[in-house]
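Please treat every number below as a calculation from the coordinates, not as lab data. This is a predicted model, so every value here is computed, not measured. When we count neighbours, we look across all protein chains shown, and the Cβ atoms used for this are built from the backbone with ideal geometry, even at glycine.
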Amino acid sequence: MRKTLRWMLATAVLIGSGTVGAASAGAAAADKGDIKDKILAIDGMSLIEEKPAEDGYRYFVLNYEQPVDHRKPDEGTFKQRISILHKSEDRPNVFFTSGYNLNTQPSRSEPTRIIDGNQVSMEYRFFDPSRPDPADWTKLDIWQAASDQHRIFSALNGVYDQKWISTGGSKGGMTATYYRRFYPEDMDGTVAYVAPNNVDNKEDSAYDEFFANVSTKECREALSTAERQIFERRDVLSKRMAKEAEENGYTYDLIGDVDKAYEVIGLDVIWSFWQYSSESDCANVPAADATDDELYTWVDQVYGWSGGSDDGLLGYTPYYYQAGTQLGQPSVQTPQLDDLLKYPGINEPRTFVPRDIPMDHFDDKAMADIDEWVRTESTEMLYVNGENDPWSAEPFRLGDGSKDSHLLVAPGANHGANIEALEQSDRATAIRALMRWAGQELGPEAQSKSAAPKPLAKYNAELDRPMVERTPPGLP
């Protein structure tokens, strides 16, 4: 639970000292005045633009100056994009990140709607344009990213001094967890959606077990048939892929060539199906006697033939770098395809990171440390996973040391699982915990333990977008 007082943060010098002062100037701003002026009074904060927003919100896209290395803040800075969806200074706050780029259109996460709060969103370091120049990739790790969040929170807490909840989906849920591990006192609670927890990068049997048991036998067999057909028809379909790539100007310098991209796509199709589809979509899986066009179209819908191109991959270099240095990446056994594969071992992070970026060391202690902290020391953590989501096959788990925390699973849900998708009793548990952490009083309907309190803000289709945006297959 956050114990840091507003007046302390207003005067504290955060990590290190030097040219990038992280003390919150917001607290020194006049109590009366426009919120934009208060935000821009913070040292290192600059406005990119203010955009119109729905339901009386104000929406700011900003740059915040950060140290490249939080351990040595005097040795260079970069500008990190953030956004603020402002409701009121007397409302609680949600700190959201996708773990990837910043969506610069006004949007509201599920926790923000539930508690009717403000939302601060952060672009993860090294995702363009929030990348130091020149880029020292050794400064891209989970502690440095958590320290980015800590400085942003500390700077804004002088203006937004109510309760704070961190959240994110998929890699964003991982990010929210890492932030709490390194700075456990900042937030009053955390809601992490569909966050994978690859504790031991050499032990991935949980994913093999998932694919061996997910859904029905009929659906699994249909997908296995389609997967094999993709490789048996490789000569025909890869030529069509190459032709479309030429027509659209796609290049494959990173992965090597079209044929290698074709193999990666074929290996990821079933994973992608369960990540974004549902059991009802099993009826659309091409049969063994499907035409080439039917199979090609289905793969394009499930995965996207452009996913292995430079355009599809290079924007996600920071993720693949982290997967190959700290996060780990699931490896699924495919003995049923051994006689058809040309490039065994191609589907690993090094393939997707430019060769001029060194990846010489994998920190096998990083995820084990996070896992142990969640099980033994974490507090006010809420994990929401999808029953049919492959990324939830190896989830964060709570232990005897986890206090006031919950691990909930949405039945039949994929990588888009959220609180709304939970069964009623679990949804009630989740919303009551979130509102309590955010300091919100529960209405009369919440007195019954079986009833789920309603979100404090009404649904708005323009603002309330999925917690997890669709990323290229193979990414959480």
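Data overview
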{"read-out": "Antiparallel content of DSSP bridges confined to the chain, in %, to 5", "value": "50 percent"}
{"read-out": "Anisotropy class of segment 285-428 from Cα gyration tensor, a/c 1.5 cut", "value": "oblate"}
{"read-out": "Chymotrypsin sites (Phe, Trp or Tyr not before Pro) restricted to segment 103-137 and DSSP loop, no more than 15 other C-beta within 10 Å", "value": "none"}
{"read-out": "Convex hull volume of segment 191-306 per residue (C-alpha atoms, cubic angstrom)", "value": "146 Å³"}
{"read-out": "Normalised contact order of segment 136-277, rounded percent, pairs of Cα under 8 Å and 6 or more residues apart", "value": "16 percent"}
{"read-out": "Computed [θ] at 222 nm, helices only, for the chain once each DSSP H run of length n ≥ 4 contributes -39500 (n - 2.57)", "value": "-9500 deg cm²/dmol"}
{"read-out": "Per DSSP, loop trypsin sites (Lys or Arg not before Pro) in segment 60-158 with at most 15 further Cβ within 10 Å", "value": "Arg71"}
{"read-out": "Relative contact order (%) - the chain, alpha-carbon pairs under 8 angstrom, separation at least six", "value": "17 percent"}
{"read-out": "Top positive-direction residue, dipole computed over the chain with Cβ charges, set Thr429, Ser154, Thr471", "value": "Ser154"}
{"read-out": "Alpha-carbon centroid distance for the pair segment 238-259 / segment 297-328, whole angstrom", "value": "15 Å"}
{"read-out": "Equivalent ellipsoid semi-axes, segment 187-245, via Cα gyration tensor eigenvalues times 5, rooted, Å", "value": "34, 19, 13"}
